[in-house]
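Everything below concerns the one structure shown next.
Read the figures in this text as sums done on the coordinates, not as results from a lab. Predicted model only: the values in this text are computed from it and were never measured.
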Ligand code: PAF
């Protein structure tokens with residue numbers, strides 16, 4: 001495994017692999033790797049000749065009052081994890097390698113980015129799409145791997161790839177959870193013991209919605225109300241959003257028909273966590 005810090009180095013390594021006809025899987029990350037990231041790297045390992053993991057805490061996807069400075073970082077541990085999982089190359093640039101002082105070109109999107117997380121994080125997806133575009137140009141992957149926990153991120157990246165004709169496959173990988181149901185996230189490390197317990201309201205609210213649907217309820221407003229009630233019963237929790245939306249357009253639905261995305265964002269103390277799942281309307285529901 002090699003680690004490179006500059007765009008020139010990774011580009012020349014990628015050109016070499018491409019000349020040899022090797023396929024490349026890219027796993028973009030912000031580091032502090034957990035089992036969710038590991039599942040992406042493992043899948044990339046199975047499906048490609050070469051695996052690149054990028055580790056870059058991308059400053060332009062954080063809002064001015066967000067956690068850029070405190071975002072957890074541990075390159076030595078990440079590097080060991082990548083090595084154990086068979087990564088060929090870690091791309092670990094510093095911000096000034098990715099963004100020149102006079103950087104002024106961004107990739108942005110309408111509609112999909114104004115929903116869900118976009119409401120409280122208005123510049124977030126512009127930052128994500130810009131850095132992901134840069135990584136796609138730099139690493140030229142055949143496939144790029146993203147977690148389904150960030151369902152909106154996955155949807156906007158898929159749309160960007162389609163709209164801007166990027167020649168690669170976007171692979172979404174299932175959410176990895178702790179044994180008690182909490183979705184794995186680098187931000188879980190911010191939680192103290194009490195908050196960690198309180199954080200279970202995210203997965204519990206999703207389960208409550210699922211149960212109601214299985215019992216025959218298809219009205220989105222009633223399902224959302226039941227999900228909100230679970231979260232509102234927890235004093236440490238403050239809802240950012242609880243929504244049932246169409247998985248492609250991310251627009252709210254009024255009835256569950258086919259599959260819809262149930263998505264929640266909740267502050268536990270000062271930590272903002274997200275979770276989601278697909279709600280599937282099954283035969284026999286009313
Ligand atoms: O999901 C993440 O970790 C980041 O948003 C990503 C895709 C690596 C872009 O910085």
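Tabulated data
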read-out: Geometric extent, Cα atoms of region 120-182 - Rg, Dmax (angstrom); value: 13.0, 40
read-out: Relative contact order [Cα under 8 Å, 6+ residues apart], the chain, whole percent; value: 17 percent
read-out: DSSP bridge pairs, the chain: antiparallel proportion in percent, nearest 5; value: 50 percent
read-out: Relative compactness, the chain, computed as alpha-carbon Rg over 2.2 N^0.38 Å; value: 1.03
read-out: Rg ratio (alpha-carbon, reference 2.2 N^0.38 Å) - region 172-284; value: 1.04
read-out: Cα long-axis angle, helix 35-47 against the chain (0 to 90 degrees, to the nearest 10); value: 60 degrees
read-out: DSSP bridge orientation in region 102-261 - percent antiparallel, rounded to nearest 5; value: 45 percent
read-out: Relative contact order %, region 129-286, counting alpha carbon pairs below 8 Å whose residues are six or more apart; value: 20 percent
read-out: Translational diffusion of region 240-286, µm² s⁻¹ [Kirkwood Rh, Cα pairs; Stokes-Einstein; 37 °C; 0.692 mPa s]; value: 283 µm²/s
read-out: Mean ellipticity per residue at 222 nm, deg cm²/dmol - from DSSP H runs of n ≥ 4 across the chain, formula -39500 (n - 2.57); value: -11000 deg cm²/dmol
